[in-house]
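Okay, so here's the structure we're looking at.
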Amino acid sequence: GAVVSQHPSRVICKSGTSVKIECRSLDFQATTMFWYRQFPKQSLMLMATSNEGSKATYEQGVEKDKFLINHASLTLSTLTVTSAHPEDSSFYICSASRDRTAQPQHFGDGTRLSIL
Amino acid sequence: GNSVTQMEGPVTLSEEAFLTINCTYTATGYPSLFWYVQYPGEGLQLLLKATKADDKGSNKGFEATYRKETTSFHLEKGSVQVSDSAVYFCAPSGYNKLIFGAGTRLAVHP
């Protein structure tokens with residue numbers, strides 16, 4: 001149990017394009033979802049925490065208007081990278097938790113975003 | 001705030017060798033402690049966890065004991081396999097979030 005599906009797994013697009021990444025909890029209801037960014041050979045950097053039905057809480061230094069997060073249902077959260085540029089290229093990973101304690105978190109397989 | 005210090009990698013071992021990856025943390029209160037594993041090109045998988053002092057988490061031959069007195073949660077395995085090659089992350093919880101260590105890359109050779 002506790003499967004999280006992330007889609008797409010890889011996306012390549014031109015600079016200026018907006019890209020949407022989906023994160024779904026397949027067999028449980030996710031009260032809380034998290035979005036992380038991972039640079040090559042580095043740790044995960046938490047970008048934002050989203051609770052179903054409320055606005056996401058962004059970490060310091062993460063642009064809210066650049067990275068739009070929606071958590072409209074208990075099984076789906078989306079991250080939209082707006083007007084993406086090459087510096088937004090990265091590995092984005094979502095995770096989901098049944099409750100707000102976030103223990104444990106179940107991770108998706110990540111999305112490799114490449115902006116040309 | 002909470003923080004975690006993890007043994008730097010890469011760690012290179014021969015198959016069947018003993019593995020230790022050190023992890024120490026600073027935290028207010030009594031966090032739960034987690035080890036996650038990331039295989040190449042994939043997301044993270046929960047490897048094991050411990051929720052209170054002296055608890056031992058174990059899974060797939062890996063073990064880690066919650067040491068409150070030394071604020072440590074070292075990961076061990078008695079005999080590693082090539083398939084254990086991956087990046088391992090230590091992560092204490094805090095303020096309803098996970099605080100990830102830098103990750104330790106493990107490479108196991110036949």
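Charge dipole (Cα centre; +1 on Lys/Arg Cβ, -1 on Asp/Glu Cβ; no other charges) of the protein assembly as shown amounts to roughly 400 debye. 3J(HN,Hα) couplings calculated from phi for the stretch B:4-20 with the Karplus curve 6.51 cos²θ - 1.76 cosθ + 1.60 (θ = phi - 60°) are, in sequence order, 9, 10, 10, 4, 6, x, x, 9, 10, 9, 8, 3, 6, 6, 8, 10, 9 Hz; Gly and Pro show x. Annotation note: trypsin sites (Lys or Arg not before Pro) in the stretch A:1-62 located in DSSP loop regions with a Cβ neighbour count of at most 12 within 10 Å are A:Lys14, A:Lys41, A:Lys55.
Once you have a ≥ b ≥ c as the square roots of the Cα gyration tensor eigenvalues for the stretch B:57-106, tell me rounded if a/c is under 1.5, and otherwise prolate or oblate according to whether a/b is larger than b/c. Since a/c reaches 1.5 but b/c is at least a/b, the shape of the stretch B:57-106 is classed as oblate. Look at A:Cys23, B:Cys23 and count the other Cβ atoms within 10 Å of each Cβ; fewest to most, that gives B:Cys23, A:Cys23. Result for chain A in a Gaussian network model with C-alpha springs under 10 Å: among A:Ser15, A:Ser50, A:Ser89, the largest mean-square fluctuation is at A:Ser15. Once you treat every alpha carbon in chain B as an equal point and sum by Debye, what is log10 I(q)/I(0) at q = 0.12, 0.16, 0.17, 0.20 Å⁻¹? Summing over Cα pairs of chain B leads to -0.37, -0.65, -0.73, -1.00. Normalising the average separation of contacting C-alpha pairs (under 8 angstrom, six or more residues apart) by the number of residues puts the relative contact order of chain B at 37 percent.
Of the candidates B:Thr70, B:Thr12, B:Thr24, which one comes out as most mobile in a Gaussian network treatment of chain B with C-alpha springs shorter than 10 Å? Among B:Thr70, B:Thr12, B:Thr24, the largest mean-square fluctuation in the Gaussian network model of chain B belongs to B:Thr70. I want the local charge near A:Gly108. Using Cβ-Cβ distances under 10 Å, sum +1 for each Lys or Arg and -1 for each Asp or Glu among the other residues. Here the count lands on -2.
Residues A:Asp109, A:Asp65, B:Asp54, ranked from the fewest to the most other C-beta atoms within 10 Å, line up as A:Asp65, B:Asp54, A:Asp109. For a straight C-alpha distance cut-off of 18 angstrom, the aspartates and glutamates reachable from B:Lys60 (same-chain residues fewer than eight places away being disregarded) are B:Glu15, B:Glu16, B:Glu76, B:Asp84. Against the empirical curve 2.2 N^0.38 Å, the C-alpha radius of gyration of the protein assembly as shown lands at a ratio of 1.02.
Percent of Cα pairs in chain A per distance bin of 10 Å, from zero to the largest separation: 15, 50, 30, 5. The mean number of partner chain beta-carbon atoms within 10 angstrom of a residue's beta-carbon across peptide A:85-98 is 1. Taking a straight line from the alpha carbon of A:Lys55, these lysines sit under 17 Å away, with near neighbours fewer than eight places off in the same chain left out: A:Lys64, A:Lys66, B:Lys97.
A Förster radius of 22 Å, combined with the Cβ-Cβ distance separating A:Ala2 from B:Tyr30, puts the computed FRET efficiency at roughly 0.35.
Cβ under 12 Å from A:Lys66's Cβ, A:Lys66 left aside: what net charge do those residues give with Lys, Arg +1 and Asp, Glu -1? Cβ neighbours under 12 Å give a net charge of -2. Per residue of A:41-47, other chain Cβ atoms within 10 Å of the residue Cβ number 5 on average.
The numbers here are math on the coordinates, done by the rules we state, and not lab data. Note that the structure is a prediction, hence the values are computed from the model and not measured. Using ideal geometry, Cβ is built from the backbone for each residue, glycine included, and neighbour counts are taken over all protein chains shown.
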